[in-house]
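Just below is one structure, and these are the notes that go with it.
The values are calculated or read from the model by the stated rules, or taken from the named source; none is laboratory data. Every value quoted in this text rests on a predicted model; they were computed, and no experiment measured them. With ideal geometry, Cβ positions are generated from the backbone for all residues, glycine too; neighbour counts draw on all protein chains shown.
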Amino acid sequence: MWKMLLNMLIDFLLSFIKDKGIKEKDKIEVVTKPAPVLVPVNPNIVIPVEKGTVKPLLIEKFLPKNQYVNETTEKEGILYHHTVGGDTSSTYAYWAGNKEKVCTHYLIDRNGDIVQCIPLEHWGYHVYVASPGNRIPKDYKKLGSTYDKKLIGIEICNLGPVKLKDGIFYDLYNRAVPSDKVVKTDKYKGYEYWEKYTDKQIESLEWLTLYLLERFPKIKNKGVRTDYSNFVEVQQSALEFKEAISFHTSYRTDKSDIYGNPDLIKMLNNLHIKYDLPVTLP
């Protein structure tokens, strides 16, 4: 009997030791299990461009920090301008030397090269709705620099309006402009002739617009219009931050950028078709 009890005790102890060993092993496995690998989000924004589209040259060349406002602000939309001037280098040099912190986030040269002048999260004075010549409702004028803070500015290098005199086109600085670089539009702001936006500029503007829409879903979700042909005047929807894409003339009665360039309007009107973008009411 004692022998039987002794065997039972030995079996119990062996079973306890075995069971404890399994539990300890399980415990060790839990503790030593490798932590999950955190895969960083891909910083590259995928742009759904058409087959054959070439990404333009994007140059990051920030202005000195004292030439823009080093304040982080939420972005609500994309605003197109044109410079009424020369190339990116002359515009950049002007901005680098002015004391008013006038600048936009991007410049697009006539060859399609894009220069980023300030970080996207920061801002410069590029809308100036408080201009004395701006005839918009006072309630919107009072918002002042709110528009500068919340809108991503893109400047297209362009001479703007040109005049025809004795068969020769002249820019606002009385310099001759080749006729093949001029486009005629319906009379707008007192002018009917303008320097064309180049094909490369429009291609780069399309790419940059798509890039920004993908990077800022809040802007993208506002939707694009199906027809921008009559969008060259002040728009209440733009003043209320309801537009994903707008022009300087959407906020200013005393400005002429962007004029109704047929190639640019065509590009904008096709965005929702080519890239299946959300649409807002026309």
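For residues in the range 240-269 being aliphatic (A, V, I, L, M) and in contact with a Leu (Cβ under 8 Å, 6 or more places away or on another chain), which is surrounded by the fewest Cβ atoms within 10 Å (Cβ to Cβ)? Working first, answer last.
Of all residues in the range 240-269, those aliphatic (A, V, I, L, M) come to 244-245, 258, 264-265, 267-268.
Right, trim to in contact with a Leu (Cβ under 8 Å, 6 or more places away or on another chain) and you get 244-245, 258, 264, 267.
Values: Ala244: 23, Ile245: 24, Ile258: 26, Leu264: 22, Met267: 18.
Checking each candidate, the answer is Met267.
How many residues are closer than 13 Å to Glu155 by Cβ and at pLDDT below 95 if we restrict to the range 90-129?
Residues in the range 90-129 being closer than 13 Å to Glu155 by Cβ and at pLDDT below 95: 0 in total.
For residues that are in contact with a Ser or Thr (Cβ under 7 Å, 6 or more places away or on another chain) and either among the hydrophobic types (A, V, I, L, M, F, W, C) or assigned to a strand (DSSP E or B) (or both), scanning just the range 245-282, find the one that is farthest from Val162 (Cα to Cα).
We begin by selecting, within the range 245-282, every residue in contact with a Ser or Thr (Cβ under 7 Å, 6 or more places away or on another chain); these are 245, 249, 252, 254-260, 265, 269, 272, 279, 282.
Then drop every residue that is not either among the hydrophobic types (A, V, I, L, M, F, W, C) or assigned to a strand (DSSP E or B) (or both), which leaves 245, 258, 265, 279.
Numbers: Ile245: 26, Ile258: 14, Ile265: 20, Val279: 34 Å.
It comes out as Val279.
Quick one: which of Gly160, Gly133 is touching a residue at least 40 places away in the same chain (Cβ under 8 Å), within 30 Å of Tyr68 (Cα to Cα), in contact with an Asp or Glu (Cβ under 9 Å, 6 or more places away or on another chain) and loosely packed, with under 13 Cβ neighbours inside 10 Å? Please lay out each step first, then the result.
Values: Gly160 fails: loosely packed, with under 13 Cβ neighbours inside 10 Å.
Checking each option against the conditions leaves just Gly133.
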